[in-house]
Every structure is written in C-alpha cells, then in structure tokens.
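The values are calculated or read from the model by the stated rules, or taken from the named source; none is laboratory data. Just so it is clear, the structure is predicted and the values come from calculations on it, not from any experiment. Glycine gets a Cβ as well: all are built from the backbone with ideal geometry, and neighbour counts include every protein chain shown.
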DNA sequence: CAGCTGACAGATTTCAATATCTGTCAGCTG
DNA sequence: CAGCTGACAGATATTGAAATCTGTCAGCTG
C-alpha cells in the first residue's frame, strides 16, 4: 500500500504542510497546495484543522517543541554540577538557534514569519524553556552553589538577559565575528551574579 | 521677517522633515511634502541633502543623539559611586525608551522604521552608548568596586544583556505588568556579577 | 455511514495601468 | 551670480479589476 493511499491523519497533514512551506515559503503556501501534495481535496484538510491559521499554528508548535526536547536532556542530567549544566544549556540553545538560522536561512525566515503570527505558541514555548531553566537554578540553590531569592524570577531574568543569543530577531548578528566571545561574556557575567 | 522667508538651512529642513514624518508617517512622507511645508520647491531641499535617504538618516541621527545626550549627564557625575551611576544609567535609558514608545506610539513606530533603514547610524549610536557604559565600568574597576578584565567587553555585555529593556523590537513588552520587576531582576543579576 | 469531494460565496492576492515621487539640471531671479 | 525654480526621465507607489484562496456544506462513494 503506497503512502498516498494511507489514512489521512493530522500527522501526515503536518508533514505535508512543512514540505509545502519549505518549497513555497510562508506567503505562497496555500491549503490547496497542501491538499495537492497529499493527493486529496482541500476540504479533507479542513476536516483535521478548523482553519489555515490552526494548521500553521500546529506546524509552529511542532518546530518549537523539537528545540525544547533537545534541551531537556541537559536539565535531566542531575548528576552534573548546576553551573556546568547552566552553561551547557545556554550553549546548546545558542548553537541550536545559530545552526537553524545559518544552515537554511530561507527555512528559518519562514519559521520566523510563523512564530510572529503565533504569539501564544511562542509564549508557551518560552514558558517551557524558562521552566527548564528554573529547574537548573533551583538545583543550584539547593546545592548551595547559587544565590536566588526566587529561582523562577531568576530563571526569567537569565533567559531575558541572553535574548540576543536566542531571539530570532537577532539572527543576523549570530553570523558576525565575535559573537561567540560576546555570548561567553554575557553568560560569565550572569553566572558570576548567580554564584553564592 | 517671517520664518518662511528666512534662509533655507539644513536645520530648518530637518525640523520640517520631522513635522512631515509626524503628520504623514514614514511611508507617505515625501520630499515634496517637506518642500511644501517650507514654502520652497523640492529642488531646494536637494541642495542641502543629496538624497531622500540622506535626509531621513540625518533626522534619525538627531533623534538618537537626543537620548545619548540625556544619558551623558549620569556618566559625568563622577562624585557618585559607580554602582549607583550604573543603575541610574540603565534606569534612565529604560525610562526614556519606555516613554518615547508609550507616550506617542505612532511617532515611535515612525522612528522604528527610520532606525531599521539606517543601520549604520544605529550602530554608531550603540557604540556611543556602550562608550558611556565603558566609562562607568572603568570608574568602578578603578575604585575597586567592580571586577572586569576588559571594561569595554564588559560594557558591551551589559548593554546586550539589557537589550529587552532598550531595544525597540521589545517595545510592546514594556507596557506589560511586571516589566519593572523583570528589569530590576536583570540589572541586579548583572550588578552582582560585576561586583568585586 | 464515515470520510471525502468539489462547487460555491466572500475574502484576499495579483497584476497591469495610472499616478506620484525622486533626483537632475538648464535657466530664471533678486 | 548664489540660490532657487520647475520641467523632465526613470523609479516607485497606488488602484481597481481579475484571479486565486479560504472555509462551508450538500451530496457522493467505497
């Protein structure tokens, strides 16, 4: 049985949508294109996603969730010391973003458009990431390595202070010479501020 | 002698251009509008500014320079202790930006368009501001209050880490409840990291 | 009869004709 | 004659008609 004759699922629609977005870009990707790629009528797509916006939102969420999952491994490594985990987490976040932006700039631009139109999903993603950070900060406080009156507020401050190295709005700066040093300077300053 | 019959100077053209930008917005403000506001032909404007882009660049520079000048007073107050000056400087910067954005959102949006199209001018402005910060950091190091291997690099890190509170891209977040606390949390963390 | 199709109305986008603007410059004017 | 004007060519923006897309739904099909 060929893939095109399999049952139409939300999953298959999301995969086709990613492909259509990759090919046509965010401005020209239509629901009709997605249906055509799947060999169905566009009415069938609307059976799984109420609107085009909902479809694009789901694709956005998938994309963001992939980054969150990649980072959660560092949070879970509870045997390693908190400062190292904190530095590794930020380094992994920066590297992931930098590669996404640098390896396929067009696709990255496409997803930037998608995140811009899905503020709620992005908000949830940021809440997810600061949640991960909170776990590391709290572990540091419990181990007596970090000082933080409120691990949650401190995690938020850490995330915001490093925005230049993960906010897509700064993507162009990630290619400039010297960013790595700038990243390390900011993280060093923050880690010093965090130490007991 | 009425103002409209005075000599046509670059200064008068810049003032008229600001007014036209305020009235029509960045997309519809034309050189012809500026000339009309001054009661001259548009050819005369081109006598003082080679292109429309050069005119808009000059307006942008003027606007940014006003902020720099307002902050330079804090840098100059060398009798006060460096940590206070550093906090005051960031507070003044954040307040200035927040008011510009909040008091007249339309005008702020206009200048955001202008800064976006004048990267060089913005770069010089940022260099100016980090230069001011460097002076404060160096004073702190000299007084034994701050630790910083390179005051210049540290100043850059401080500026970048506080981007969320001065970069126009985050203007919408400046209205949200809780920003003040977030600002203080970030500055506290950075100042702690800076202390000897 | 669950799931899919395709015709349809209203919304949005495209495209090409038209209007306006930018930048130049020969000549006018005080 | 220094500074300004306004006509002009090419570039850019606006507009409105035509094409396409979104979202619905009555009916088809396996």
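Annotations for the structure displayed:
- Only one of B:83, B:117 that is within 14 Å of chain A (Cβ to nearest Cβ) and either within 16 Å of DNA strand C (Cβ to nearest atom) or modelled with pLDDT of 95 or more (or both): B:83
- Residue selection: residue B:40 fails the criterion of being within 16 Å of DNA strand D (Cβ to nearest atom) and under 24 Å from residue B:113 (Cα atoms).
- Subset of segment B:142-151 (residues that are without any contact (Cβ under 8 Å) to a residue 24 or more places away in the chain and at the interface with chain A (Cβ under 9 Å from one of its Cβ atoms)): B:150
- Residue tally, condition touching a helix residue (DSSP H, G or I) at 6+ places or on another chain (Cβ under 9 Å) and either at the interface with chain B (Cβ under 8 Å from one of its Cβ atoms) or at positive phi (or both), over segment A:171-196: 11
- Tabulated pairs, segment A:21-47, first in contact (Cβ under 8 Å) with a residue 40 or more places away in the chain, second more than 9 Å from DNA strand C (Cβ to nearest atom) and in a helix (DSSP H, G or I), C-beta under 6 angstrom, 6+ apart or interchain: A:21/A:110; A:22/A:107; A:25/A:110; A:26/A:110; A:26/A:113
- Within segment B:152-168, being free of Cβ contacts under 8 Å to residues at least 12 places away in the same chain and either closer than 25 Å to residue B:105 by Cα or more than 10 Å from every other protein chain (Cβ to nearest Cβ) (or both) holds for B:160, B:163, B:167.
- Residue within segment A:67-74 that is more than 16 Å from DNA strand D (Cβ to nearest atom), out of contact with any strand residue (DSSP E or B) (no Cβ under 9 Å at 6 or more places or on another chain) and closer than 23 Å to residue A:20 by Cβ present: yes
- Check on residue A:114, within 16 Å of DNA strand D (Cβ to nearest atom) and under 13 Å from the mean Cα position of the chain (by Cα): yes
- Odd one out for residue A:79, checked against (1) farther than 26 Å from residue A:124 by Cβ; (2) touching a helix residue (DSSP H, G or I) at 6+ places or on another chain (Cβ under 7 Å); (3) assigned by TED's automatic domain parsing to the domain that holds residue A:138: (2)
- Lone qualifier among B:17, B:30 - being out of contact with any strand residue (DSSP E or B) (no Cβ under 9 Å at 6 or more places or on another chain) and within 11 Å of DNA strand D (Cβ to nearest atom): B:30
- Flag for residue A:43 being under 22 Å from residue A:175 (Cβ atoms) and within 13 Å of DNA strand C (Cβ to nearest atom): no
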